[in-house]
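Each remark here refers to the structure printed beneath this line.
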Amino acid sequence: MSAGDLVALIQGLLKSRNCQKMEVSPVNSCCFCLTLRSGTILIGIGNCLLYLCVFTWYLTSSTIDTGGLRDGLDVTSLDISIFSIFFVKTLVNMLLLVGAVKRIPSLTLPWLCANAASMMIAMVFIGITILFGTTKLNLNYSEYVTSLTIMGMVTGINLFCWIVVFTFRKNLIIEAHLDRFPSGSDELSSVYSQCPSSLMLNPPPPSYYEIEGYKECKPPPEDSPPEYEEA
């Protein structure tokens, strides 16, 4: 195969691959009825309301008798832990809401990190409950099953929300990249417009030997060796 034929073959393969490429739009649906943006906003609002209700219940419930700030005493380590968790969770959910409304992907990263840590802690608690629930934790069968079911459901819902926010952040990064470098998308669309099925492929360029007018040349015939009797 000549050099021109090889170049023409490579060009034909590249053109066929470019024509076969299809532009895949990013996934933008959540629960088959909402967009990722509206789903992220609902996740932020729901988490803020949930943590506010839990924090209010901790301050006003009479079933909890741990002393501390609730009873007008000194602040305990449990109070500090509850306040810290409430403050961090409320802050990251507010950042998530602002990032979803204003389409800022960097503001969703704290929420992803905080909930990833929460899921890891929940998985540790589930493992401890599975291994030591009926022995060292002294749980009966109903408490054992109920605790595992609740922790599993909470972890599963948290994982689903994490996937939704992560996908939304990835789509925002892709959109920002396309807005920053529009030339790449324009070149891609021009390639798609130049590759309809009705167009004929360009003929390959002539080979080097055809341009130079190559003619098959045979070496001059050599004299046969003399026969044995003549020698």
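Points to keep in mind about this one:
- Distant-in-sequence amide contacts of Cys30, defined by a placed amide H-H separation under 5 Å and a gap of 5 or more residues or a different chain, comprise Thr35, Leu36.
- Computed lengthening from Met153 to Val98, 0.36 nm per intervening residue step minus Cα-Cα distance: 17.0 nm
- FRET efficiency, Ile173 to Met123 (Cβ-Cβ, R0 30 Å, nearest 0.05): 0.60
- Modelled label reach - Thr90, point 7 Å along Cα→Cβ, segment 44-63 residues with backbone N closer than 13 Å: 48-59
- Accessible area per residue, Å², segment 29-156 with all protein chains present, probe 1.4 Å: 63 Å²
- Over all other residues within a Cβ to Cβ distance under 15 Å of Thr40, the charged ones net out to +4, with Lys and Arg as +1 and Asp and Glu as -1.
- Accessible area (Å², 1.4 Å probe, nearest 10) - Ile80: 100 Å²
- Taking only protein heavy atoms and a 1.4 Å probe, the accessible area of segment 77-186 is 76% carbon and sulfur.
The values are calculated or read from the model by the stated rules, or taken from the named source; none is laboratory data. Just so we're clear, the structure is a prediction, and the values are computed from it rather than from any experiment. All Cβ positions, even for glycine, are placed from backbone atoms using ideal geometry, and neighbour counts span all protein chains on display. SASA here: full protein model, heavy atoms, side chains in, ligands and nucleic acids out. Shrake-Rupley method; radii C 1.70, N 1.55, O 1.52, S 1.80 Å.
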